[in-house]
Amino acid sequence: MPTSASLLSPIAFIGGGNMASAIIGGLIRQGLAADQIEVVEPWETAREALLKNFGITAQPEAGPLLQRARTVVWAVKPQTFKDAAAQAHAHTADALHLSVAAGIRSDSIALWLGSERIVRTMPNTPALVGKGMSAIYARPAVSAAERAQVETILASTGDFLWVDTEKQLDAVTALSGSGPAYVFYFLEAMTRAGAAMGLTAAQAHQLAVGTFVGASELARRSDEPPAVLRERVTSKGGTTYAALQSMEASGVSAAFEAAMRAAEQRALELGNEFGA
């Protein structure tokens, strides 16, 4: 019996960096053969990593080998998307196109590729360990079968959800796309604070990471909103109460919301700056 991943083949990736590698790794774990994956990657170091990790011989530039791909995943930086599309579009006319590039809107992608079969997604780096969170938007020309195809690709990296409007992807970029960096930022701060209070850096790191993992899993399994879960940890006049009062007094919540707005605005700017 063919695996769900094998039904996607052949598949091509324009760009072979971290996000492409996360998806490729997930597809191979699902049973897709390496020889069913084409990759275009200009950087020699990244090509060497693809060969070492997955047995894939990536090409330095787009060529006729792309013509066999049913789906093309665009895993390029926003500022290089237009040039990459110009090199590849002659070989990808019949493919479904899936973009993981931040900010670049589907109108631009459709213009550059001469196709309306465009899907945009915003994944995040936990996809590298199969724990990613992606949001997906499809243009009207994408069929139900092709949507299912995209779901199979992204399921190899973690969870996903569909959004109704493309504009929502800017908010997704700010929340879950950039979100892992916020978590790492807090982990850094918690580790520093723990070490300053007498723990070793290793102890503080283990405690901080374990706390995020446990709290996230509790939130995932619970039917209650985060505010209720927070209140259950917080006794009036207790240690948690003191910490939260200090954060409120410092304006942490407002600053955090402002930071996410800044990320959302930058996603919008990327589309304007590097789009058609």
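Annotations
- Any hit, segment 28-35, residues being under 16 Å from residue 98 (Cβ atoms), modelled with pLDDT under 95 and more than 22 Å from the chain's Cα centre (by Cα): no
- Residues of segment 172-196 classified as β-branched (Val, Ile, Thr) and surrounded by fewer than 17 Cβ atoms within 10 Å (Cβ to Cβ), total: 1
- When the criteria are applied in full, residue 227 fails the requirement of being of a type in the set (A, V, I, L, M), touching a residue at least 40 places away in the same chain (Cβ under 8 Å) and not assigned by TED's automatic domain parsing to the domain that holds residue 103.
- Boolean, residue 267 is within 30 Å of residue 85 (Cβ to Cβ), in a helix (DSSP H, G or I) and not assigned by TED's automatic domain parsing to the domain that holds residue 110: yes
- Taking every residue in segment 180-199 that is assigned by TED's automatic domain parsing to the domain that holds residue 259 and pairing it with any residue that is assigned to a helix (DSSP H, G or I) and among the aromatic types (Phe, Trp, Tyr), at least 6 positions away or on another chain, the pairs with Cβ-Cβ distances below 7 Å are 183/212; 187/212.
Yes or no, residue by residue, for (1) aliphatic (A, V, I, L, M); (2) out of contact with any strand residue (DSSP E or B) (no Cβ under 7 Å at 6 or more places or on another chain); (3) at pLDDT 95 or above:
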site: 197; (1), (2), (3): yes, yes, yes
site: 211; (1), (2), (3): no, yes, yes
site: 231; (1), (2), (3): no, yes, yes
site: 234; (1), (2), (3): no, yes, yes
site: 257; (1), (2), (3): no, yes, yes
site: 262; (1), (2), (3): yes, yes, yes
site: 275; (1), (2), (3): no, yes, no
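- Flag if residue 138 is touching a residue at least 12 places away in the same chain (Cβ under 8 Å) and out of contact with any Pro (no Cβ under 7 Å at 6 or more places or on another chain): yes
- When segment 137-170 is filtered for residues that are polar (S, T, N, Q), under 17 Å from the mean Cα position of the chain (by Cα) and in a helix (DSSP H, G or I), the ones remaining, listed by number, are 152, 168.
- Flag for residue 143 being surrounded by 15 or more Cβ atoms within 10 Å (Cβ to Cβ) and at pLDDT 95 or above: no
- Only one entry of 193, 155, 189 meets the criterion of being among the small types (Gly, Ala, Ser) and under 30 Å from residue 10 (Cβ atoms), and that entry is 155.
- When residue 169 is tested against (1) modelled with pLDDT of 95 or more; (2) surrounded by fewer than 18 Cβ atoms within 10 Å (Cβ to Cβ), just one condition goes unmet, and that condition is (2).
- Segment 48-133 holds strands (runs of 3 or more DSSP E) entirely within its bounds, and those carrying 1 or more residues that are surrounded by 14 or more Cβ atoms within 10 Å (Cβ to Cβ) and in contact (Cβ under 8 Å) with a residue 60 or more places away in the chain map to 71-74.
- Top-ranked residue in segment 171-219 [being closer than 30 Å to residue 75 by Cβ and of a type in the set (Val, Ile, Thr); ranked as farthest from the chain's Cα centre (by Cα)]: 209
- Condition check for residue 199 on (1) hydrophobic (A, V, I, L, M, F, W, C); (2) touching a Ser or Thr at 6+ places or on another chain (Cβ under 8 Å); (3) not in a helix (DSSP H, G or I): one failure, at (2).
- The residue that is farthest from residue 271 (Cα to Cα), counting only those in segment 32-47 that are in contact with a helix residue (DSSP H, G or I) (Cβ under 6 Å, 6 or more places away or on another chain) and part of a loop (DSSP other than H, G, I, E, B), is 32.
The values are calculated or read from the model by the stated rules, or taken from the named source; none is laboratory data. Keep in mind that what you see is a predicted model, and the values were worked out from it rather than measured. Because the Cβ atoms are built from the backbone with ideal geometry, glycine has one as well, and the counts that use them run over all protein chains shown.
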